[in-house]
Amino acid sequence: AKGIQAPIFHVNGDDIEAVVSVCELAAEYRQRFGKDCVVDIVCYRRHGHNELDEPSLTQPLTYDLIAKHPPVVEQYTGWLVESGVVTVEDAKEMSLKVLEEFESEHKMAPEYISSPKEWLASNWQGEAINALTDSGNRPFNPTGVPLQTLRNITESISTIPENFNAHPTIKKLFNERIKMLDSGLDMALAEALAFGSLMLPFSPDDVEFGRIKREKPQGGEESSVPDSLSERSLSDTADALKATPDIAFERMEHPTVHVRLSGQDSERGTFNQRHSVIYDQESAQPYTPLNHLGMGPQATFQVCNSSLSEAAVLSFE
């Protein structure tokens with residue numbers, strides 16, 4: 001706004017009448033002068049990202065204060081009643097009327113039939129991916145680590161330090177992750193395991209930890225699996241890495257790889273799924289499990305919550 005010399009109107013979000021007045025002023029300015037202006041409503045999200053969110057997971061101290069702060073509708077209703085504008089009964093009746101309208105619309109939602117214009121008429125992206133897969137030309141780079149390595153990483157990133165006051169939801173989530181290697185991984189754990197394995201080193205001489213490179217034999221030579229790579233190691237990798245007659249496996253040197261994420265809500269994950277950084281509920285001190293794998297030398301994991309300005313963030317990165 002300052003860059004284009006547009007006026008900025010700051011207003012307290014708790015003051016409903018002030019917000020309405022300022023918005024009317026901004027609209028009149030826009031209409032009269034044909035120029036942009038900005039209304040900065042100083043407020044907060046009571047429920048975080050949405051009503052199903054739990055913002056105290058990442059901002060415990062802030063949301064402890066918000067929980068004690070009276071809601072806007074409660075403040076305004078109290079002021080109206082004290083001013084003699086409405087009675088308590090009037091306020092309840094208006095509130096009930098609005099809720100009934102919402103409930104009525106909600107019940108009608110399942111009966112709504114959308115038109116093709118409101119959605120993509122075909123799954124074009126899926127068709128494009130399938131075409132690549134079916135043709136056998138889709139590029140891929142299969143990698144893998146022994147199952148025990150994945151278990152060790154899972155145990156490390158699911159361990160909460162002593163004297164760390166984690167949110168009960170985090171404790172439950174971390175306990176569930178331990179069981180996922182046997183019952184099936186979710187997206188967040190699969191991602192964390194990928195990060196963790198990238199951050200750890202590998203030497204071809206280390207038979208306990210390794211990645212496997214898939215290569216086709218050259219010149220029609222008969223394929224073979226190096227003796228140093230045990231059948232146990234192969235069985236521990238994903239199905240895509242199982243040895244077949246036309247594929248040879250070769251272990252490769254793998255240095256530690258620094259992993260960095262940047263974006264809005266990258267620490268927690270937009271869908272409240274990642275939790276790569278957890279916060280002490282009493283001190284708000286952060287803890288990043290991936291930086292404490294305890295499996296020898298490792299690279300660092302850096303995750304940054306950036307502002308919602310994708311072009312600016314991408315340019316910076």
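The values are calculated or read from the model by the stated rules, or taken from the named source; none is laboratory data. Bear in mind that the values here come from a model prediction, so they are computed numbers and not experimental data. Backbone-built Cβ (ideal geometry, glycine too); neighbour counts: all protein chains shown. The protein model used for the area step is the full one, side chains on, heavy atoms only, and it has no ligands, DNA or RNA in it. Shrake-Rupley method; radii C 1.70, N 1.55, O 1.52, S 1.80 Å.
The figures follow:
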{"read-out": "Whichever residue in the range 253-274 is part of a loop (DSSP other than H, G, I, E, B) and touching a residue at least 60 places away in the same chain (Cβ under 8 Å) and, among such residues, is surrounded by the fewest Cβ atoms within 10 Å (Cβ to Cβ)", "value": "Thr270"}
{"read-out": "Conditions (1) surrounded by 12 or more Cβ atoms within 10 Å (Cβ to Cβ); (2) closer than 25 Å to Asn152 by Cβ; number of the one not met by Gln281", "value": "(2)"}
{"read-out": "Scan of the range 299-315 for residues that are at pLDDT 95 or above and open to solvent by 30 Å² or more (accessible area, probe 1.4 Å), ordered by number", "value": "Thr300, Gln302"}
{"read-out": "The range 94-123 residues that are farther than 24 Å from Glu74 by Cβ, paired with ones that are modelled with pLDDT under 95 and open to solvent by less than 100 Å² (accessible area, probe 1.4 Å) (beta carbon under 9 Å, 6 or more apart)", "value": "none"}
{"read-out": "Unique match (being within 22 Å of Phe301 (Cα to Cα), at pLDDT below 65 and in a loop (DSSP other than H, G, I, E, B)) among Gly144, Gly210", "value": "Gly210"}
{"read-out": "Residue count for the range 161-184, restricted to those that are touching a helix residue (DSSP H, G or I) at 6+ places or on another chain (Cβ under 7 Å), farther than 20 Å from Phe301 by Cα and in a helix (DSSP H, G or I)", "value": "4"}
{"read-out": "Test: residue in the range 185-203 that is open to solvent by 30 Å² or more (accessible area, probe 1.4 Å), in contact with a His (Cβ under 7 Å, 6 or more places away or on another chain) and either modelled with pLDDT of 95 or more or not in a helix (DSSP H, G or I) (or both)", "value": "yes"}
{"read-out": "Inter-residue pairs, beta-carbon under 8 Å, first at pLDDT below 95 and in the range 1-27, second open to solvent by 60 Å² or more (accessible area, probe 1.4 Å) and part of a loop (DSSP other than H, G, I, E, B), 6+ apart", "value": "Ala1/Asp36; Ile4/Asp36; Ala6/Lys35; Ala6/Asp36"}
{"read-out": "Residues within the range 267-317 that are among the hydroxyl-bearing types (Ser, Thr, Tyr), under 17 Å from Ile170 (Cβ atoms) and more than 12 Å from the chain's Cα centre (by Cα), tallied", "value": "4"}
{"read-out": "Candidates Glu231, Glu162, Glu215, Glu155 - the one that is out of contact with any strand residue (DSSP E or B) (no Cβ under 9 Å at 6 or more places or on another chain) and at pLDDT below 90", "value": "Glu231"}
